[in-house]
Amino acid sequence: MTISDKLAARIAQTQAHLARFRDQPLGHLIGGQSVSGTGELFENRSPVDGSLLGMVRSATGAEVAQACEAARDAFPAWRALAGSERRRILHRIADLIEARAEEIALTECIDTGQAWRFMSKAALRGAENYRFFADRAPDAANGLSLPTDTHLNYTTRQPIGPVGIITPWNTPFMLSTWKIAPALAAGCTVVHKPAEWSPLSARLLAEIMLEAGLPGGVVNLINGIGETTGKALTEHPDIKAVAFIGESRTGGLIMAQGAPTLKRVHLELGGKNPVIVFEDADLDRALDAVVFMIYSLNGERCTSSSRLLVQRSIHDAFVDRLADRVARLKVGHPLDPDTEVGPLVHPRHLDKVLSYTGIAQADGARVAVGGARCQRADLSPDGCYVQPTLFIDASAGMRIAREEIFGPVLTVLPFDDEAQAVALANDVPYGLAGYLWTGDVGRANRVSLAMDAGMIWVNSENVRHLPTPFGGMKASGIGRDGGDYSFDFYMETKNVALALGNHKIQRLGV
Ligand code: NAD
């Protein structure tokens, strides 16, 4: 079979998986039951060619309330279940994700435009998230012993209650598992609202969780528009905490919407992450990482390094090599195994990303590579394909150096010395991740400590270790995910003080 025969077979296989979504509007899963819903319908189209994947229902206020009440009613029994039993069910979910990993990945590729080479791993990463938190479920309640002369203090954790989980359209399956798995392991029940531009894999995940034996109501899935369905979820009094991944502006709205009911919020928001390349770095490896960290996942990645800060002494040579690599990136159909950059998620997002070419030029920067739609005979003219783009001759005040573009677009800024590199790195509203490349261990530590970002990678791209904290500073968010940090969010810490004997009690009113 030639590549195009193989691709045609892949597309046919995917269409068979997707047929069910075309047959009837995608509704909700509430209390273990499929609910078709009565709310407005919206279209879900593929960014590959603009074809209609199906219609989706937006949950009404009453349906959101029904889901929150189902989560509330399921909470006492789920919370009371032994941690070992929660562990067993979560491992079963991981088994079923692995068994359907190909279907999940194919669905995600067509729904979001992400390339197969990355999505096939993302589905398996989702299973890993369940296994990781499954194994921690039995000990999630454990706390500290803090004795004094008179009292034994001990802390314990208990699940906060039903939680709302709101996810974005970039790698939606992986991000949903990343939030839902620790919530369930902690003993919380969940109402999940996925993004309206990529609702399909959330349905597969919810079905898998029910099939694995999760009791009805422990996880509920509602589809819908953020400003209505999502808002109602964040306002519902039965929801005790909201875990949100999305744009910084939406994060602010969610805090405000949850304020009257005193919701705990965890916000994982946008980024404009720097990668700093010093002249003493291993420049071959640095180049590989720079290209990977902005052009993989279509650049639709919160931790992408969208600003390259490169030392002036090596700037021209490094940028020449970079431009050559960017120009060679393979844009194509997401199911083609050779594709490195697929179509962007939605025509509105495509327009936003493309608008930065004009913005860059108006501000005085230069387009070294790309900057326009990618139009080729083998790509659908209705697909959201964009040329991988490199902006050079930029300066820190320009919009391309400050705003999250969230596409395969890199802005290069030169610097002279370490102090200027740090100043440039920190000179944005965001503070999610920072990357730096240097052969000097002292400099690596100094710069890591000086960067205002929640996560720093030195001489590395974004390699995740699940127990480590994940999250951002400044406009990039509030709170941390990963390992025990996730449990701190989904659980309340309680202190019990136990008198050891007859300590003195003040006697009043004697
Ligand atoms: P978005 O904020 O537009 O939407 C995210 C979700 O919020 C969607 O489900 C949407 O329906 C919902 N929503 C929108 N308005 C709402 C409201 N008023 N109340 C409740 N829910 C509402 O974000 P997006 O465009 O889908 O995702 C891209 C963004 O996500 C980027 O900024 C990216 O950096 C960020 N992101 C951050 C991380 C991280 O870990 N920090 C990870 C992935 C993505």
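The values are calculated or read from the model by the stated rules, or taken from the named source; none is laboratory data. Since this is a predicted model, take the numbers as computed values, not measurements. Positions of Cβ are generated from backbone atoms using ideal geometry, with glycine treated the same way; all protein chains shown enter the neighbour counts. Each accessible area value is taken on the protein alone, full model and side chains, heavy atoms only, with ligands, DNA and RNA left out. Shrake-Rupley method; radii C 1.70, N 1.55, O 1.52, S 1.80 Å.
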### Query
In the full protein assembly as shown, how much of ASP440 is accessible to a 1.4 Å probe, in Å² to the nearest 10?
60
### Query
According to a simple spin-label model (label point 7 Å from Cα along Cα-to-Cβ), what is the distance in nm between ASP452 and ARG399?
2.3
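Once R0 is set to 22 Å, what does the formula 1/(1 + (r/R0)^6) return for the Cβ-Cβ distance between ASP73 and SER34, expressed as a FRET efficiency to the nearest 0.05?
Working from the Cβ atoms, E equals 0.75.
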### Task
Tell me which residues come under 5 Å, amide H to amide H, from MET491 once H is placed; ignore anything under 5 positions away on its chain.
ILE160
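So, R0 is 51 Å and r is the distance between the beta-carbons of ASP416 and ASP338; what FRET efficiency does that work out to, to 0.05?
Details: r = 40 Å, r/R0 = 0.78.
Computed FRET efficiency for ASP416 and ASP338: 0.80.
Quote the Stokes-Einstein diffusion coefficient, in whole µm² s⁻¹, for the chain, based on the Kirkwood radius over alpha carbon pairs, a temperature of 10 °C and a viscosity of 1.306 mPa s. Don't jump to the answer; show the numbers that get you there.
Values: Rh = 24.0 Å.
Answer, rounded: 66 µm²/s.
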## Note on the structure
With the 8 Å Cα cutoff and a minimum separation of six or more residues, the stretch 67-170 has a relative contact order in percent of 30
### Task
Using only alpha carbon pairs under 8 Å that are at least six residues apart, calculate the relative contact order of the chain and give it in whole percent.
17
### Message
Once you keep just the Cα pairs under 8 angstrom separated by 6 or more residues, what percentage relative contact order results for the stretch 274-458?
### Response
28
### Query
Between HIS503, ALA360, TRP78, whose Cα lies farthest towards the positive end of the dipole of the chain when Lys and Arg beta carbons carry +1 and Asp and Glu beta carbons carry -1, centred on the Cα centre?
HIS503
### Cα long-axis angle, helix 61-80 against the chain (0 to 90 degrees, to the nearest 10)
60
### Query
Using a 1.4 Å probe, how large is the accessible area of ARG117, given in Å² and rounded to the nearest 10?
80
### Task
Evaluate the distance, in nm, between pseudo-label points positioned 7 Å from the Cα of LYS494 and of ALA259 along their respective Cα→Cβ axes.
3.1
### Message
Students often get this wrong, so check it: of LYS179/LYS474; LYS263/LYS474; LYS263/LYS504; LYS121/LYS240, which have C-alpha atoms separated by over 31 Å?
### Response
LYS263/LYS504; LYS121/LYS240
### Summary
Taking LEU52, LEU29 and ranking on accessible area (1.4 Å, protein atoms only), highest first, one gets LEU52, LEU29
### Message
Tell me the angle of helix 347-363 to the major Cα principal axis of the chain, expressed in degrees between 0 and 90 and rounded to the nearest ten.
### Response
60
### Query
For the modelled label position 7 Å from the Cα of SER51 along Cα-to-Cβ, which residues of the stretch 376-392 have backbone nitrogen atoms closer than 20 Å?
376-386
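Give, in nm to one decimal, the length gained when the segment between HIS503 and LYS330 is fully stretched (0.36 nm per residue of separation minus the Cα-Cα distance).
Working: separation 173, 0.36 × 173 = 62.28 nm, distance 7.41 nm.
Full extension from HIS503 to LYS330 adds 54.9 nm.
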### Query
Computed over the Cα atoms of the stretch 220-373, what is the convex hull's projected area averaged over all directions, in nm²?
12.5
### Summary
Rounded to one decimal in nm, the spacing of the 7 Å Cα→Cβ label points at THR468 and GLN375 is 4.4
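What do you reckon, how do TRP437, TRP457 stack up by accessible area (1.4 Å probe), largest on top? Show your work: numbers first, answer last.
Numbers: TRP437 10, TRP457 30 Å².
Per-residue accessible area, sorted high to low, gives TRP457, TRP437.
Given a 1.4 Å probe and heavy atoms of the protein chains only, how would you sort ILE160, ILE294, largest accessible area at the top? Please list the in-between numbers first.
On the way: ILE160 25, ILE294 0 Å².
Ranked list, largest accessible area first: ILE160, ILE294.
Of the heavy-atom accessible surface of the stretch 274-458 (probe 1.4 angstrom), what whole percent is carbon and sulfur?
On the way: 3380 of 6960 Å².
C and S atoms contribute 49 percent here.
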### Message
Can you give me the solvent accessible area of ASP452 with a 1.4 Å probe, rounded to the nearest 10 Å²?
### Response
70
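Mind checking the dipole of the stretch 274-458: about its Cα centre, +1 per Lys or Arg Cβ, -1 per Asp or Glu Cβ, Debye to the nearest 20? Before the final figure, lay out the partial values.
Values: 17 positive and 25 negative charges, 86 e Å.
Around 420 debye, computed over the stretch 274-458.
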### Query
Which value, in Å², gives the accessible area per residue of the chain when a 1.4 Å probe is used on the protein heavy atoms?
40
